[in-house]
Amino acid sequence: PFNPTLQIQYELAEAGKVELGLFTPAGKLVAKIDNGRKRAGAHRASWRAGPVASGLFYVVLSANGKRLVLPVMLVK
């Protein structure tokens with residue numbers, strides 16, 4: 001669970017293009033959290049919920065041909 005800021009830490013084995021977004025269960029993009037070319041190593045990104053309602057969301061990280069999906073819960 002998070003409120004009001006979602007903190008995301010991830011690590012890349014090699015440099016590459018990263019797309020990090022927050023989606024509803026229906027697949028609608030809520031926010032682009034981090035996009036662009038990143039170096040290998042550890043990275044941190046954050047997103048403030050602002051007026052977004054409480055609920056279940058999915059953080060989707062795409063990098064170097066791989067995709068990771070993690071459920072997160074916004075609790076206000």
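Taken together, the values in this text are just the output of simple stated rules run on the coordinates, not laboratory data. Since the structure is predicted, the reported quantities are computational estimates derived from the model, not experimental observations. Every residue, glycine among them, receives a Cβ derived from its backbone with ideal geometry; neighbour counts consider all protein chains shown.
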Subject >> Under 20 Å from Lys28, Cα to Cα: aspartates and glutamates that are on another chain or at least 8 residues apart >> reply: Glu19
**OP:** Just flag the trypsin sites (Lys or Arg not before Pro) in the range 1-64 sitting in loop per DSSP whose Cβ has no more than 16 other Cβ atoms within 10 Å.
**Re:** Lys28, Arg39
**OP:** Give the percent of DSSP beta bridges with both residues in the chain that are antiparallel, rounded to the nearest 5.
**Re:** 95
Original post:
Taking a temperature of 25 °C and a viscosity of 0.890 mPa s, what whole-number D in µm²/s does Stokes-Einstein yield for the range 22-76 with Rh from Kirkwood over alpha carbon pairs?
Top reply: 196
Original post:
Size of the dipole of the chain about the Cα centre, Lys and Arg at +1 and Asp and Glu at -1 on the beta carbon, nothing else charged, in debye to 20?
Top reply: 140
